[in-house]
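Beneath this line is the structure, given in structure tokens, with notes to follow.
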Amino acid sequence: MKNKLLLYSFGALLPIYFLYSYNHMSVDYQKNRVRSSLFGGTWDSFEDTPNVSFTLFLTQTNLKIEGKHCSSMYRGHKIDCSLEDVSVSGSINGSIAIISFQSSYGLGKGDAKISLINNMLLWEITKPPKGEYYIPRKAFLKKRME
């Protein structure tokens, strides 16, 4: 009788264990899914920045980020745009991404910090690329609704 009770108890707990594991995985999956969309997407600079247009096209996979950039300055007379190759890549730590980028204008490489603040991105160049480039040193960007 004792063995039957143990088998019955084990049989009764087994579905509960699998249900808990399934729900736990779903929660973890949802957290990863939410986390993967924090930086991912298309981000545009605010329109109140005169003569400058800056867009980031970002993809986030776990704690890695990569993407492309497009910047237009001086009313479109200077364009630094890389839409075919990856020009931005780095790693994420909380709400901050430390990235390297390459200018498509002068082909110099630089570093930047991207901070997520109240559903906006703050782009700040920490090490400018050598040579000529037309990417803003600092810009606030909003996520484009797609």
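All of the numbers you see were taken from the coordinates with simple rules; none came from a lab. Everything numeric in this text was worked out from a predicted model, so none of it was measured. As a convention, Cβ positions derive from the backbone with ideal geometry for all residues, glycine included, and neighbour counts pool all protein chains shown.
With the charge dipole of the range 40-119 set up from +1 on Lys and Arg Cβ and -1 on Asp and Glu Cβ about the Cα centre, the Cα lying farthest toward the positive end among the listed residues S82, S100, F57 is that of S100. Between K78 and M73, the built amide H atoms are under 5 Å apart, and every one of these is 5 or more places off in sequence or on another chain.
Around T42, with a cut-off of 12 angstrom between Cβ atoms, what is the net charge of the other residues, counting Lys and Arg +1 and Asp and Glu -1? All intermediate terms of the calculation are to be shown ahead of the outcome.
Working: positive: K68, K142, K143, R144; negative: D44, E146.
Taking every other residue near T42 into account, the sum is +2.
Ranked by the mean number of other Cβ atoms within 10 Å of their residues, highest first, the peptides 108-117, 124-133 come out as 108-117, 124-133.
Summing +1 for each Lys or Arg and -1 for each Asp or Glu, what net charge is found among the other residues whose Cβ lies under 15 Å from the Cβ of Q102? All intermediate terms of the calculation are to be shown ahead of the outcome.
Details: positive: K68, K109, K127, K130; negative: E66, D80, E84, D85, D111, E132.
My count for the surroundings of Q102 gives -2.
Note on the range 41-143: Cα convex hull, mean projected area over all directions, 5.9 nm². Summary of the geometry: the range 51-83 and the range 89-107, compared by the centres of their Cα atoms, lie 11 Å apart.
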